[in-house]
Amino acid sequence: MCARRTRGHAIAIAIAAADRPETARSVARVTACALWGLETALVTVEVDVANGLPAFVVVGLPDAAVQEARERVRAAIRNSGYEFPLRRVTVNLAPAERRKEGTGFDLAIALGILRASGQLAVDVAALCLGELALDGALRPVRGAMPRVRHAVARGVSEILVARANAGEGAACGIAAFGFVSLRETVDHLEGRVRVASAEVPTRAPEPTPAVDLCDIAGQETPKRALEIAAAGGHNLLLVGPPGTGKTMLARALPSLLPPLDDDEAIAASAIHSVAGLADPDHPVLAAPPFRAPHHTASHLALVGGGSPPRPGEVSLAHFGVLFLDEVAEFSPSVLDTLREPLEERAITISRAGTAATYPARFVLIAAMNPCPCGRFGDQAAECRCLPDAIERYRGRVSGPLLDRIDLRAHVPRVPYERLREERREASLAVRVRVHAARERMRDRLRGTGRRLNADLTVAEVRRFCRVDEDTDKLLADAVRARRLSVRGFHRVLRVARTAADLSFRDEIATEDVALALLLRGE
């Protein structure tokens with residue numbers, strides 16, 4: 001009896017409200033932005049507050065997180081001191097043909113409801129991004145930087161975001177206003193409180209390298225391979241007994257890389273923003289990223305995945321370094337997922353109803369022992385592994401993957417006399433050569449869309465990697481003797497081109513090709 005009376009009372013209230021003139025239909029529009037991987041699109045959040053039984057409906061292919069926004073927005077509006085309309089509230093996310101994901105629409109929906117119900121006196125012309133807490137606090141969202149970049153390209157002049165996202169917005173060259181709550185946002189829009197736009201964040205100072213080349217005794221050939229890898233963006237495999245310095249060599253590579261330019265820094269930072277790894281104080285990366293996943297990492301962690309798809313280590317290392325220590329301990333099926341990003345410089349993650357493409361332009365540095373015990377080829381220790389055990393161990397890194405690695409350097413045990421040497425070349429001197437070589441590459445490749453020799457197409461290899469007759473004969477003998485694949489042949493020429501650039505030569509010399517063949521290690 002009580003339930004029937006309550007239901008009848010609610011219906012009577014709704015009918016009475018429909019007869020009041022002040023409850024006429026009202027529509028508001030607020031701009032938000034959807035994100036799928038790194039792909040973005042502006043979304044118009046249309047809010048209709050109409051007469052009828054109290055209801056709150058979200059349409060336009062929202063996912064579960066967007067559907068749950070109804071409860072967050074309802075509580076946030078009430079707890080911010082406003083009145084949630086006891087009428088039929090319909091929210092449409094247009095265009096409605098593609099699924100909307102995530103919590104970044106909360107702020108736009110709330111402002112649309114306040115505007116449509118007459119509690120917000122002005123239209124909202126800015127892009128709105130933010131998740132609402134139940135008490136009305138405004139929380140940051142992942143992927144603010146690529147969304148803002150898209151909005152800037154579409155002519156949007158300002159954004160309203162959570163304070164922790166304001167730096168990402170300002171870095172994209174837009175007036176970014178950061179707020180801590182829904183109440184503060186409304187006060188700003190109506191002019192009661194004027195919040196200043198965020199300043200363009202400065203880049204954090206470059207981190208001090210963990211390892212300098214002068215910390216590593218001996219290993220002249222691996223150091224030369226490391227220099228070529230840094231200059232031309234070539235992949236490198238280091239093989240040697242335990243304790244010979246493979247990991248130190250890999251961790252010295254960041255000390256050889258020049259800083260990211262503005263375009264590279266924004267592109268790499270956008271991926272970190274999507275992954276939720278952006279630093280609110282310094283959202284733009286200062287140095288090339290260095291990623292070193294553990295050998296127990298799954299293929300989802302390495303190349304990305306999930307629903308919605310998230311970037312993996314190969315994308316987080318964009319314009320930087322991906323280091324795989326003890327590469328033979330990784331699952332072979334996980335390692336083989338690297339084939340696509342190593343060849344295409346991007347990875348496409350497909351899931352039911354959605355797909356995301358992330359860039360993956362990185363330098364791969366891998367390190368491994370020569371056998372399970374690590375003593376094969378070590379003159380100071382005896383290897384007791386059986387031949388078939390050695391073959392199985394090396395076979396964990398497949399031939400197709402090895403074919404995509406340009407440089408392979410043996411890292412031997414260092415004699416005591418070399419350990420006591422004090423005169424060693426520092427990373428700074430090598431970095432100067434690397435930077436000069438990269439400038440030569442960029443001048444040569446200007447207008448092609450490529451910057452490093454490792455990215456040369458086959459047509460560009462024919463154009464920029466010409467050799468004389470004697471060098472061509474050396475190459476022909478090597479192809480026949482080593483049975484180089486077509487891919488391997490082109491990679492030898494790319495490495496030779498980088499060696500010539502490091503030596504400030506316009507033409508590839510025989511010694512450059514000889515060095516490339518030596519470091520090919522086949």
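The sole residue among Leu160, Leu182 that is more than 27 Å from the chain's Cα centre (by Cα), hydrophobic (A, V, I, L, M, F, W, C) and within 22 Å of Val73 (Cα to Cα) is Leu182. For the stretch 100-116, the criterion of being of a type in the set (Lys, Arg) and in a strand (DSSP E or B) is met by at least one residue.
For Leu160, the conditions (1) of a type outside the set (Phe, Trp, Tyr); (2) in contact (Cβ under 8 Å) with a residue 24 or more places away in the chain; (3) out of contact with any Gly (no Cβ under 6 Å at 6 or more places or on another chain); (4) part of a helix (DSSP H, G or I) are fulfilled apart from (4). Checking Ala252, Ala301, Ala286, Ala267 one by one, the residue that is under 22 Å from Ala436 (Cβ atoms) and in a helix (DSSP H, G or I) is Ala252 and no other. With respect to the stated conditions, Ile405 is part of a loop (DSSP other than H, G, I, E, B), out of contact with any helix residue (DSSP H, G or I) (no Cβ under 6 Å at 6 or more places or on another chain), assigned by TED's automatic domain parsing to the domain that holds Pro258 and at pLDDT 90 or above. The single condition among (1) at pLDDT 90 or above; (2) part of a helix (DSSP H, G or I) that Arg487 does not meet is (1). The number of residues in the stretch 67-99 that are aliphatic (A, V, I, L, M) and assigned to a loop (DSSP other than H, G, I, E, B) comes to 2. Considering the stretch 403-452, the residues that are β-branched (Val, Ile, Thr) and surrounded by fewer than 19 Cβ atoms within 10 Å (Cβ to Cβ) include one that is nearest to Glu227 (Cα to Cα), namely Val432. The residues of the stretch 351-371 that are closer than 16 Å to Ala301 by Cα, modelled with pLDDT under 90 and either in contact with a Leu (Cβ under 8 Å, 6 or more places away or on another chain) or of a type outside the set (D, E, K, R) (or both), listed by number, are Ala356, Thr357. If you check Ala355, Ala389, Ala360 for being surrounded by fewer than 16 Cβ atoms within 10 Å (Cβ to Cβ), closer than 23 Å to Val274 by Cα, assigned by TED's automatic domain parsing to the domain that holds Gly305 and touching a residue at least 12 places away in the same chain (Cβ under 8 Å), only one passes: Ala355.
The values are calculated or read from the model by the stated rules, or taken from the named source; none is laboratory data. Quick caveat: nothing in here was measured; it's all calculated off a predicted structure. Using ideal geometry, Cβ is built from the backbone for each residue, glycine included, and neighbour counts are taken over all protein chains shown.
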